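Quick notes on the structure that follows.
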Amino acid sequence: MKKTVFLMFMLLVTSTYAAEPEIQEIKQLFHASAKSKAAADQLLKLLAEVTESSSPLLISYKGAAEMMQAKYAWSPISKFKRFNKGKRLIETAVKKAPDHLEIRFLRLAIQTNLPAFLNYNGDIQNDKSFVLANLKNTKDKTLKQNIVKYLSNSKYCTAEEKKQLDLELIKYNHG
């Protein structure tokens, strides 16, 4: 009887954790999905079980995945539906975790790459300021490098901000 209860418990625990996709795989697919519809499809499939009660980071990546689907959709109606669904998910994630650096960076990266007519660009300056102010606090070297690389090539950062980004990366790599 004890073995049965233990096995049932273990099955429940492993199936609960198995439902959450691996974040590193999500990040790799997200980067690849910018140039590959197959990667975008795989990303969305991987995030299919993510709901608004999931972790905010997963919600934000699912929102980004929906927006990537909009990029590859043929129909303007489908594009707009995917965009709106992605936007709603990203905003939900930001509301749930407004101080999460990666979520704010993800929204910033998306907003700076969308066409202006979609009118989803109102948080660019706030997110940029937040990301710049909090970059030094992250211990995630890959995230820091991705942020520095992205913002260093962004038209939304001043020359002085880009210089500070480079210094922060140098300090992090040597400190």
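The values are calculated or read from the model by the stated rules, or taken from the named source; none is laboratory data. All values reported here derive from a predicted model rather than from experimental measurement. Glycine also receives a Cβ, built like all others from the backbone with ideal geometry; neighbour counts cover every protein chain displayed. The accessibility values were calculated without ligands, DNA or RNA, using every heavy atom of the protein model including side chains. Shrake-Rupley method; radii C 1.70, N 1.55, O 1.52, S 1.80 Å.
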**Request:** Only helical DSSP H runs with n ≥ 4 go in: add -39500 (n - 2.57) per run for the chain, normalise by residue count and round the 222 nm mean residue ellipticity to 500 deg cm²/dmol.
**Result:** -23000 deg cm²/dmol
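Where in region 52-98 are there chymotrypsin sites (Phe, Trp or Tyr not before Pro) that are in a DSSP coil and have at most 11 other Cβ atoms within 10 angstrom of their Cβ?
Taking region 52-98 and a limit of 11 other Cβ atoms within 10 Å, the loop chymotrypsin sites (Phe, Trp or Tyr not before Pro) found are W74.
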**Asked** If you rank H174, H100 by how much accessible surface each has, with a 1.4 Å probe, what is the order from largest down?
**Response** H174, H100
**Prompt:** When the gyration tensor of region 74-131 is built from Cα positions, what are the square roots of 5 times its three eigenvalues, in whole Å, from largest to smallest?
**Reply:** 22, 13, 8
**Prompt:** Per residue, how much space in cubic angstrom lies within the convex hull of the C-alpha atoms of region 27-175?
**Reply:** 110
**Fill in**
Ignoring ligands and nucleic acids, K27 exposes an accessible area, probe 1.4 Å, in Å² to the nearest 10, of 30
**Average accessible surface area per residue within region 68-175, 1.4 Å rolling probe, Å²** = 60
**Request:** Enter the angle in degrees (range 0 to 90, nearest 10) between the Cα long axis of helix 37-46 and the first principal axis of the Cα atoms of the chain, meaning the one along which they spread out most.
**Result:** 50
**Message:** Ignoring ligands, DNA and RNA, please state the percent of accessible area on the chain from carbon and sulfur, probe 1.4 Å.
**Reply:** 60
**Prompt:** Counting Lys and Arg as +1 and Asp and Glu as -1, what is the net charge of the other residues whose Cβ lies under 14 Å from the Cβ of A93?
**Reply:** +1
